[in-house]
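*Asks:* Please find one structure pasted underneath; my questions will follow.
Please treat every number below as a calculation from the coordinates, not as lab data. Only a predicted model underlies this, so the values are computations on that prediction, with no experimental measurement involved. All Cβ positions, even for glycine, are placed from backbone atoms using ideal geometry, and neighbour counts span all protein chains on display.
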Amino acid sequence: MTPRKVSKAIFPVAGLGTRFLPATKSVPKEIMTLIDRPLIQYAIDEAREAGIEEFIFVTSRGKGALEDYFDEAPVLEANLKSKGKTDLLKILESTNMDSGAIAYVRQTRALGLGHAVACARRLIGDEPFAVILPDDVIQGDPGCLKQMVDAYQETGGNMVASMEVPDEATPSYGIIDVKEDMGNMVSVASMVEKPKAGTAPSNLAVIGRYILSPNVLKSLDGQTTGAGGEIQLTDAIAEQILLHDDVYGFRFSGQRYDCGSKAGFLQATVAFGLERPELRDELRAFLEDVVSVRGAAE
Ligand code: G1P
């Protein structure tokens, strides 16, 4: 049986973004920009490329700027039109979402990623769905979710993006206990969220892209708190294995940036800047200068 089409995606965006204070005091983290596009736009573009048609945002208090961002901006658009700025109007087009294609659900209490995903359960119903964590920005061609959707057509079940991380980083991730390694795909024996240092079953970490069966939502309903006292998505996915549904780890091709951290955000800014033809030369010259001046000083 061919798996059903994945047409809905959940974007958990309720976090307070405390690592980016004071900026996030008034600006949602997902609106912070990599070059000239907010983080969330990268996630939306990746989802669209993968065939997603319905976008579900799990938000919280103070995220109004996100809703405005995806709305039409009649005054701005009229202004650009009257000045004949068709190139800028075109840029705005990618930010407009059709009415009905986007839905917002509030997570009223910060009880963890698993709880955030469960908040969207009524909008998902009984079909497979994707989850995208916008903090994980992935530069790939095709995009990571598209790669996963294609692979999922063969496997069905549940699929998480994954990549190898250094030993010392394992306590920051969901970690996969590998049953069988098939190269760019592994079958998962179990998963553990944020294992204590030295106890991780492997170095294969879960990265923020998931394709999940609706059974995960049922498991989330019965989920007690896990790592960090939060309801963990990882635990509900691991439960699917006990319920005899397959879970796969997918080693995507592409570069992932942890834009939930300042260092990762800076690295992504530089990497995306170097990709832009209009910025590339100036940025490269600047970076070479900085590095050589530092090198000479040391
Ligand atoms: C979340 C997930 C974790 C995953 C990580 C990837 O953790 O709970 O399993 O490895 O995203 O970025 P967070 O970074 O939100 O603590």
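*Asks:* Reachable lysines from LYS90, Cα under 16 Å, same-chain residues fewer than 8 places away excluded?
*Replies:* Reachable lysines: LYS81.
*Asks:* Still on this model: Can you tell me what percent of all Cα-Cα pairs in segment 154-213 are more than 16 Å apart?
*Replies:* 38
*Asks:* Suppose the Debye formula is applied to equal point scatterers at every Cα of segment 171-274; what is log10 I(q)/I(0) at q = 0.23 Å⁻¹?
*Replies:* Debye curve over Cα of segment 171-274, log10 I(q)/I(0) at q = 0.23 Å⁻¹: -1.29.
*Asks:* I want to verify a result. In a Gaussian network model of the chain, Cα cutoff 10 Å, which of these has the top mean-square fluctuation: LYS83, LYS262, LYS218?
*Replies:* LYS83
*Asks:* Which of ALA205, ALA161, ALA73 ends up with the largest GNM mean-square fluctuation for the chain, with Cα atoms connected below 10 Å?
*Replies:* Checking each option, the largest mean-square fluctuation is seen for ALA73.
*Asks:* Can I ask one more? Identify which of PRO195, PRO12, PRO134 has the largest mean-square fluctuation in a Gaussian network model of the chain, with springs joining Cα atoms closer than 10 Å.
*Replies:* Residue with maximal mean-square fluctuation among PRO195, PRO12, PRO134: PRO195.
*Asks:* Then there is this: So which lysines pass the test for LYS179, namely a Cα distance under 17 Å, with those fewer than 8 places away in the same chain ruled out?
*Replies:* none
*Asks:* Moving to a separate point now. Using only the Cα atoms of segment 119-164, what are the Rg and Dmax in Å?
*Replies:* When restricted to Cα atoms, segment 119-164 yields Rg and Dmax of 12.1, 34 Å.
*Asks:* While we're looking at this one, here's another question. List the residue ranges in the chain for DSSP H helices whose C-alpha atoms run 18 angstrom or more along the long axis and whose Kyte-Doolittle average is 0.5 or above. It would help to have the intermediate numbers written out before the result.
*Replies:* On the way: long enough: 262-275 (20 Å, 0.74); 277-297 (31 Å, -0.08).
Helices meeting the criterion: 262-275.
*Asks:* For the chain, take the convex hull of the Cα atoms, compute a quarter of its surface area, and give me that in nm², please.
*Replies:* 18.4
*Asks:* Here is a further query. For segment 30-71, with equal point scatterers placed on the C-alpha atoms only and solvent neglected, what are the log10 I(q)/I(0) values from the Debye formula at q = 0.18, 0.31 1/Å, to two decimals?
*Replies:* -0.55, -1.20
*Asks:* A further question on this structure: Based on alpha-carbon centroids, what's the gap between segment 191-217 and segment 265-280 in Å, whole number please?
*Replies:* 30
*Asks:* Right, next: Determine the relative contact order of the chain: mean sequence separation of Cα pairs under 8 Å and six or more apart, normalised by residue count, in whole percent.
*Replies:* Numbers: 531 pairs, mean separation 63.7, N = 298.
Relative contact order comes out at 21 percent.
*Asks:* What is the distance in Å between the Cα centres of segment 1-57 and segment 112-167?
*Replies:* Between the Cα centres of segment 1-57 and segment 112-167 lies a distance of 12 Å.
*Asks:* Only four residue types carry charge here, +1 at the Cβ of Lys and Arg and -1 at the Cβ of Asp and Glu. Report the dipole size of the chain about the Cα centre in Debye, rounded to the nearest 20.
*Replies:* For the chain, the charge dipole is close to 820 debye.
*Asks:* Between the DSSP loop rule and a limit of at most 15 other Cβ atoms within 10 Å, which GluC sites (Glu not before Pro) in segment 106-181 are left?
*Replies:* Answer by residue number: there is no such site.
*Asks:* If you build the convex hull over the alpha carbons only and average its shadow over all orientations, what do you get for segment 45-109? Give it in nm² to one decimal.
*Replies:* 5.4
*Asks:* So how compact is segment 4-53: Cα radius of gyration and Dmax in angstrom?
*Replies:* 13.1, 43
*Asks:* Pull up the DSSP beta bridges for the chain and report the antiparallel fraction as a percent, rounded to 5.
*Replies:* Here the share of antiparallel DSSP bridges comes out near 60 percent.
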